[in-house]
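Engineer: The structure follows.
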Amino acid sequence: MVAIIGTTLHWSDILVLLLYFLLILGFGIWSSCKNRGSVGGYFLAGRSMNFILVGASLFASNIGSGHFIGLSGSGASSGIAVADFELGAVHWLMVLGWLFVPVYMKAEVFTMPQYIKMRYGGERIRVYLTCLALMLSIFTKISVDLYSGAIFLQQALNWNLYASVIVLVLLAAFFTVGGGLTAVIWTDFIQTVIMVISAFILMIISFIRVGGMQQIRNLFPYALAYTTLHNTTECGVPNEYYFSLIRPFDADLPWFGIVFGHGVMCIWYWCSDQVIVQRALAAKNLTHARAGCLVAGILKLLPLFLIVFPGMIARILFPDEIGCADPDVCYQVCRSRNGCSDIAYPLLVLRLMPNAIRGLTLACMIAALMSSLTSIFNSSSTIFTIDIWQRFRRNAHDWELMIVGRVFVMILVGISILWIPVIRAAQGARLFDYIQAVSSFLAPPVAACYLLGILWKRINEEGAFWGLISGLFIGVFRFIWEYSYTAMPCQLDHLDKRPSVVRFNYLYFSVLLFIISGIVTIVVSLLTKPIPEKYIFGLTIFDLDNPEKAIEIPTRPGCMHKANTYYDEEQPCPFENSSSNHIDQHLTETEKKALHFFETGDSMGIVFYLKTAFVWICGLEKPDKLDGQSTCSDSHPHDNTSNRRNSTSIREEHVSSWHKKCSYVAIIMLAICAFIWAFFTDYRIRLN
């Protein structure tokens, strides 16, 4: 059995946990009553969120339970270099706010594939990116959160794995189904507060217990398990530069690979991934979106101190368990033969935290899992509803789209539960490495597609499509080749017998794949017909001041039509001037009965109460929402909010005083990141 499973919770811990759930339920129910009755309200929170909520939601959506388990485990295993990923994210949050968000806001889009449809036309790129985003959400993001959450629940609470994860998933789905993005952002906000406070308390206790920062530096290289002292290999021995953020030639985390390779993946994750960008688009205006990126950037400076250093302290305090290197011993400790560094944070919580505060920290971990899941559920339902369902139901009513979004969340819940046995069979660190590798294989072509589309008008649909396809084939080939070999529990260069091409670091491969995809995109675009100017007004960063509005690129009916023919005349929309009576002619008998059920019904009896409950869950309390229908153009579908952006407002915000203040703060934050990198760099590297 796992060494720490015998720990029992004090009654005060259970009380704090119950109070936490009541608090979150209260916030969820209260926020569920806001911005629920329209598609714009459900998917983009009415575009009314201030910068504090936006920043907290960006941070909470990113920092899931996987970060607490993964970052602390990597810190316990090899030192502080893993924090480079967090510091690097600060730079790309600034890129999101100053480069990408202005274009997205002027385009007035709900989803990222929707922007791609406006920018390039056609359908095949949009379908490709939509399916890819849903696959990544289901099989990587949800899976890694459930895996890391399962580790913590197993180690800390001794709950049944399946029952505990199912309860958390269903609770996360409740907030998403009931209130949409408004409920998600508000619960993200309160859970961010809980995460930071509890992690800060554990950090202080850990530093006091070990004796301070200098003691971490002195003791960490000697935090070896008993079995490590008697083996003949270097397995279980910390990295030589364990206290350095910059490791230029490190085999696992080379600094240049992190700067450039991780930078490529950050373009995908921070600047074009639906889960993240949706939070920025929910801001009430561009200034609040940029300020929200700054708030998230400030919070991203904390994981080094709140998570990574405590992971190193856990190894110092419990070396035989955290630092085990013998596969048989590790299996006895944590049921994994690949090492037990992932239990570092749960060990600290259970053995160092006092009563009641331990319960708060457990609530912190549950909050991290729930906030990440709610973000993924809401964003995935948005993509499915706007980018897939509307392709087949272009004249769908608002109430239909909101019901479809909520039903799809429940489908995601079902898939997540079915995925649990796969997570359990993955055995620890293998899954975490797998998630990182998948990003490096699939993200670079998508990053090239978005970045080139934002920067250069000359990039067209053919170039973007073939850049994506070429990158996909190369990435999948590398993925199959690499994982056809069995990874060793202790990864040492002189023991690794795999071909050198396979051992090529995934961070460097990310850069290479990005360059190849970009070259293919540019060459094909230059060899084919450009997109006429009238179709891409305001859809690139250098064209934001253009007062003209882009015309939707006409596309012939069909699932995978490519936009290689740009018509000289605008094609009228078949339903452009249709009245509600005309729309009703296209409804099936079943749909008409469903609509009649909402508009009429008995005022007494069980049918009335069932109808009332169903209508509240689906956000259809206001009868006027039942008559809304979609327009033909999916450039701006169902946006009933009053905060629509136009080119004039974007130009005004670019020159406003608050915009300048945000820019100054961004420069200061980048300088702070540079200082942290320099301060936590081994002096031997600095001398070289």
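The values are calculated or read from the model by the stated rules, or taken from the named source; none is laboratory data. Note that this is a predicted model, so its numbers are computed, not measured. Heads up, the Cβs are rebuilt from the backbone with ideal geometry, glycines too, and the neighbour counts pull from every protein chain shown. Heads up: the accessible areas ignore ligands, DNA and RNA and are worked out on the full protein's heavy atoms, side chains in. Shrake-Rupley method; radii C 1.70, N 1.55, O 1.52, S 1.80 Å.
Engineer: Would you say Val90 is out of contact with any Pro (no Cβ under 8 Å at 6 or more places or on another chain), closer than 13 Å to Asp273 by Cα and open to solvent by less than 10 Å² (accessible area, probe 1.4 Å)?
Structural biologist: no
Engineer: With a cut-off of at least 2 residues that are at pLDDT below 85 and closer than 19 Å to Pro310 by Cβ, name the helices (runs of 4 or more DSSP H) lying wholly within the range 57-112. Before the answer, list the steps.
Structural biologist: Working: elements: 65-78, 84-95, 101-107.
Hits in the range 57-112: 65-78.
Engineer: Follow-up question, since we're still on this one. Would you say Lys562 is open to solvent by 50 Å² or more (accessible area, probe 1.4 Å), more than 30 Å from Ile435 (Cα to Cα), basic (Lys, Arg) and modelled with pLDDT of 70 or more? Steps first, please.
Structural biologist: Details: open to solvent by 50 Å² or more (accessible area, probe 1.4 Å): yes; more than 30 Å from Ile435 (Cα to Cα): yes; basic (Lys, Arg): yes; modelled with pLDDT of 70 or more: no.
Against the criterion (open to solvent by 50 Å² or more (accessible area, probe 1.4 Å), more than 30 Å from Ile435 (Cα to Cα), basic (Lys, Arg) and modelled with pLDDT of 70 or more), Lys562 does not qualify.
Engineer: Those residues that are assigned to a helix (DSSP H, G or I), open to solvent by less than 20 Å² (accessible area, probe 1.4 Å) and farther than 9 Å from Thr130 by Cβ, I need them from the range 387-397; list them, please.
Structural biologist: Scanning the range 387-397 gives a single hit, Gln390.
Engineer: Another question, if that's okay. Within the range 249-262, which residues are in contact with a helix residue (DSSP H, G or I) (Cβ under 6 Å, 6 or more places away or on another chain) and either part of a helix (DSSP H, G or I) or among the charged types (D, E, K, R) (or both)?
Structural biologist: Listed by number, the residues that qualify are Gly257, Ile258, Phe260, Gly261, His262.
Engineer: Check Ile403, Ile411 and return the single one that is assigned to a helix (DSSP H, G or I), surrounded by fewer than 24 Cβ atoms within 10 Å (Cβ to Cβ) and free of Cβ contacts under 8 Å to residues at least 60 places away in the same chain.
Structural biologist: That would be Ile411, the only listed residue that is assigned to a helix (DSSP H, G or I), surrounded by fewer than 24 Cβ atoms within 10 Å (Cβ to Cβ) and free of Cβ contacts under 8 Å to residues at least 60 places away in the same chain.
Engineer: Go through (1) surrounded by fewer than 23 Cβ atoms within 10 Å (Cβ to Cβ); (2) in contact (Cβ under 8 Å) with a residue 24 or more places away in the chain; (3) in a helix (DSSP H, G or I) one by one and return the number of the condition Met265 breaks.
Structural biologist: With (1) surrounded by fewer than 23 Cβ atoms within 10 Å (Cβ to Cβ); (2) in contact (Cβ under 8 Å) with a residue 24 or more places away in the chain; (3) in a helix (DSSP H, G or I) applied to Met265, the lone miss is (1).
Engineer: Does at least one position in the range 300-312 carry a residue that is in a helix (DSSP H, G or I) and under 30 Å from Pro102 (Cα atoms)? Break it down stepwise before answering.
Structural biologist: Looking only at the range 300-312, we keep the residues that are in a helix (DSSP H, G or I), and these are 300, 303-312.
Narrowing further to those that are under 30 Å from Pro102 (Cα atoms): 300, 303.
Yes, that holds for at least one residue.
Engineer: For the condition of a type outside the set (Ser, Thr, Tyr) and within 30 Å of Val169 (Cα to Cα), what is the one hit in Phe152, Phe100? So that I can check it myself, show each step before the final result.
Structural biologist: Values: Phe100 fails: within 30 Å of Val169 (Cα to Cα).
Answer to the check: Phe152.
Engineer: Is it the case that Gly467 is in a helix (DSSP H, G or I), open to solvent by less than 10 Å² (accessible area, probe 1.4 Å), out of contact with any Gly (no Cβ under 8 Å at 6 or more places or on another chain) and at pLDDT 75 or above? I'd like the intermediate steps shown before the answer.
Structural biologist: On the way: in a helix (DSSP H, G or I): yes; open to solvent by less than 10 Å² (accessible area, probe 1.4 Å): yes; out of contact with any Gly (no Cβ under 8 Å at 6 or more places or on another chain): no; at pLDDT 75 or above: yes.
So Gly467 fails the test.
Engineer: Does at least one position in the range 317-336 carry a residue that is in a helix (DSSP H, G or I), open to solvent by less than 10 Å² (accessible area, probe 1.4 Å) and within 23 Å of Lys141 (Cα to Cα)?
Structural biologist: Start the filter on the range 317-336 by keeping residues that are in a helix (DSSP H, G or I), which leaves 317, 319-322, 327-334.
Next, from what is left, pick out any that are open to solvent by less than 10 Å² (accessible area, probe 1.4 Å): 322, 330.
Going one step further and asking which of them are within 23 Å of Lys141 (Cα to Cα), we end up with none.
The answer is no; no qualifying residue exists.
Engineer: Going by the structure shown, is Tyr664 over 17 Å from Asp84 (Cα atoms), open to solvent by 90 Å² or more (accessible area, probe 1.4 Å), modelled with pLDDT of 85 or more and not β-branched (Val, Ile, Thr)? So that I can check it myself, show each step before the final result.
Structural biologist: Details: over 17 Å from Asp84 (Cα atoms): yes; open to solvent by 90 Å² or more (accessible area, probe 1.4 Å): yes; modelled with pLDDT of 85 or more: yes; not β-branched (Val, Ile, Thr): yes.
Taking the combined requirement at face value, the residue satisfies it.
Engineer: Just a yes or no: is a residue in the range 343-355 among the polar types (S, T, N, Q) and open to solvent by less than 30 Å² (accessible area, probe 1.4 Å)? Walk me through how you get there before you give the answer.
Structural biologist: Of the residues in the range 343-355, the ones among the polar types (S, T, N, Q) are 355.
Next, only the ones that are open to solvent by less than 30 Å² (accessible area, probe 1.4 Å) stay: none.
Checked the range 343-355: no residue is among the polar types (S, T, N, Q) and open to solvent by less than 30 Å² (accessible area, probe 1.4 Å).
Engineer: Mind checking which pairs have a first residue in the range 343-360 that is part of a loop (DSSP other than H, G, I, E, B) and a second that is among the aliphatic types (A, V, I, L, M) and open to solvent by 20 Å² or more (accessible area, probe 1.4 Å), Cβ under 7 Å, 6 or more apart or different chains?
Structural biologist: Once the first residue is part of a loop (DSSP other than H, G, I, E, B) and sits in the range 343-360, its partners that are among the aliphatic types (A, V, I, L, M) and open to solvent by 20 Å² or more (accessible area, probe 1.4 Å) give Met353/Ile205; Ala356/Val16.
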